[in-house]
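Input: a single structure, listed below in structure tokens.
The values are calculated or read from the model by the stated rules, or taken from the named source; none is laboratory data. Because the structure is a prediction, the values reported are computed rather than measured. With ideal geometry, Cβ positions are generated from the backbone for all residues, glycine too; neighbour counts draw on all protein chains shown. Just the protein is used for accessible areas: all its heavy atoms, side chains included, with ligands, DNA and RNA removed. Shrake-Rupley method; radii C 1.70, N 1.55, O 1.52, S 1.80 Å.
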Amino acid sequence: MKLRLTFACWEYDRTRALADGTVRAEGIELNYLTLPVEETFFRMMRGREFDASEMSLSSYSASLHSPNPPFVAIPVFPSRFFRHSCIFVSTKSGIRRPEELKGKRVGVPEYQMTAPVWIRGILSDEYGVKVSEYEHLAGGEEEPGRIDKLKIELPPSIRVRPIGATQTLAQMIAEAELDALVTARAPSTFYSRPDAVKRLFPDYVPAEREYYRRTKIFPIMHTVVIRRELYEKNRWIAQSLYKALEQAKAHAMQLYQQTAAMPAMLPWLVAHVEEVRREMGDDWWPYGVEANRQVLDTFLRYHHEQGLSKRRLAPEELFAPETLEAFKV
């Protein structure tokens, strides 16, 4: 009899084969819930509502420092994203270069979000702008009243304060009440008020490509977690889910290799895939620890430097040990 599990995840090309049943996890009857990432993270972190789910890499890493860590992850990364495009500035701030963020008011939906962790780390490593050198104002990007999913204690050198109960970051940056905003989603005012809100890196693709060529880092945003009590009772499900998600990703990769009919509504998709292969290799979206060791280790350094980890974690500490090795014939 198969174990019935509910898995919450966004609708990705790399997970679609698992969602529609083309790929099946061994020994598991999977109930795949397609939910927006913010809803999935909130419900899983607050209420443990799902057996397994997509999860913010930062939130998960922070949760490992609790007395009884609620989740265990597998080294699957459904979301990766270069984030140079996600630093927005008020045109009235006069900011043109990253170094000019020092001493400024920088909005962030949640200080512990993965995207801002990467952005702050890149600002520190690449441009010498330390996390303690500007003020962080936290709150809802489009709706007032957003609160952190996790309670965090930060060192006094890192200044984080909430925005007003009726304020939103999108409106504040447009009104120059913020100098900048680091976020995962472009604020609505970037589109509705283009004269007031700009990207810090308007031509961000060359900047991100140069960053990758030099560092070989394609930032990881999300991993996949299993409720720990379920995992402890059925440790085999970590490997079963890992294998199934690998197979689903391979199914998506195969779609990009054929040219008879394109799998996405992008007219130059074939050329883009060829370009990505030249830049990043055949498997530009790897799973597993070894293929991602440098990326994970860099992120965990940022997490610790920014006051979110009590100590610097090692990549192996994040994942079920069953997924760190595989048998050989």
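State whether the residues of the range 251-265 include one that is touching a Pro at 6+ places or on another chain (Cβ under 6 Å) and either part of a helix (DSSP H, G or I) or aliphatic (A, V, I, L, M) (or both).
Yes, the range 251-265 has at least one match.
Is there any pair linking a residue in the range 284-300 that is at positive phi to one that is not acidic (Asp, Glu), with Cβ under 6 Å and at least six apart or on different chains, and which?
Within 6 Å, the pairs are GLY288/PRO75.
Suppose the filter is of a type in the set (Val, Ile, Thr) and exposed (fewer than 13 other Cβ atoms within 10 Å of the Cβ); does THR166 pass it?
yes
Only residues in the range 197-209 that are more than 18 Å from GLU100 (Cα to Cα) and open to solvent by 30 Å² or more (accessible area, probe 1.4 Å) count as the first member; pair them with residues that are at pLDDT 95 or above and of a type outside the set (A, V, I, L, M, F, W, C), Cβ under 7 angstrom, at least 6 apart or cross-chain, and list the lot.
Cβ pairs passing all conditions: ARG209/GLU279.
Among the candidates VAL129, VAL205, VAL197, single out the residue that is among the aliphatic types (A, V, I, L, M), more than 26 Å from LEU64 (Cα to Cα), modelled with pLDDT of 95 or more and more than 23 Å from the chain's Cα centre (by Cα).
VAL197
Between SER53, SER58, SER93, which is touching a residue at least 24 places away in the same chain (Cβ under 8 Å) and under 13 Å from the mean Cα position of the chain (by Cα)?
Going through SER53, SER58, SER93 in turn, the sole match is SER58.
When only residues in the range 1-14 that are in contact (Cβ under 8 Å) with a residue 60 or more places away in the chain and out of contact with any Phe, Trp or Tyr (no Cβ under 8 Å at 6 or more places or on another chain) count, which is most open to solvent (accessible area, probe 1.4 Å)?
The residue in question is TRP10.
Being in contact with a Lys or Arg (Cβ under 7 Å, 6 or more places away or on another chain) and either open to solvent by less than 30 Å² (accessible area, probe 1.4 Å) or in a strand (DSSP E or B) (or both) is the filter here; which residues of the range 67-86 pass it?
Within the range 67-86, PRO70, PHE71, VAL72, PRO78, SER85 meet the criteria.
Test of understanding: among ALA186, ALA261, ALA271, ALA250, which residue is in contact (Cβ under 8 Å) with a residue 40 or more places away in the chain and either on the phi > 0 side of the Ramachandran plot or of a type in the set (Gly, Ala, Ser) (or both)?
Testing whether each residue is in contact (Cβ under 8 Å) with a residue 40 or more places away in the chain and either on the phi > 0 side of the Ramachandran plot or of a type in the set (Gly, Ala, Ser) (or both) leaves just ALA186.
Go through GLY145, GLY107, GLY121, GLY103 for me and flag whichever is touching a residue at least 12 places away in the same chain (Cβ under 8 Å) and assigned to a helix (DSSP H, G or I).
GLY121
For the condition open to solvent by 60 Å² or more (accessible area, probe 1.4 Å) and free of Cβ contacts under 8 Å to residues at least 24 places away in the same chain, what is the one hit in GLU229, GLU177?
GLU229
Quick check on the range 30-62: of everything there that is open to solvent by 30 Å² or more (accessible area, probe 1.4 Å) and hydroxyl-bearing (Ser, Thr, Tyr), which residue is nearest to ASP148 (Cα to Cα)?
Looking at the filtered set, the residue picked out is THR34.
Answer yes or no as to whether ILE217 is of a type in the set (A, V, I, L, M, F, W, C) and part of a loop (DSSP other than H, G, I, E, B).
Yes, satisfied.
Going by the conditions given, is LEU245 part of a helix (DSSP H, G or I), open to solvent by less than 60 Å² (accessible area, probe 1.4 Å), under 30 Å from ILE28 (Cα atoms) and touching a strand residue (DSSP E or B) at 6+ places or on another chain (Cβ under 6 Å)?
The answer is yes for LEU245.
Anything in the range 232-242 that is open to solvent by less than 60 Å² (accessible area, probe 1.4 Å) and more than 12 Å from ILE74 (Cβ to Cβ)? List them, or say none.
Residue satisfying the conditions is ASN234 alone.
If SER58 satisfies all but one of (1) farther than 29 Å from ASP179 by Cβ; (2) among the polar types (S, T, N, Q); (3) not in a loop (DSSP other than H, G, I, E, B), what's the number of the condition it fails?
The number of the failed condition is (1).
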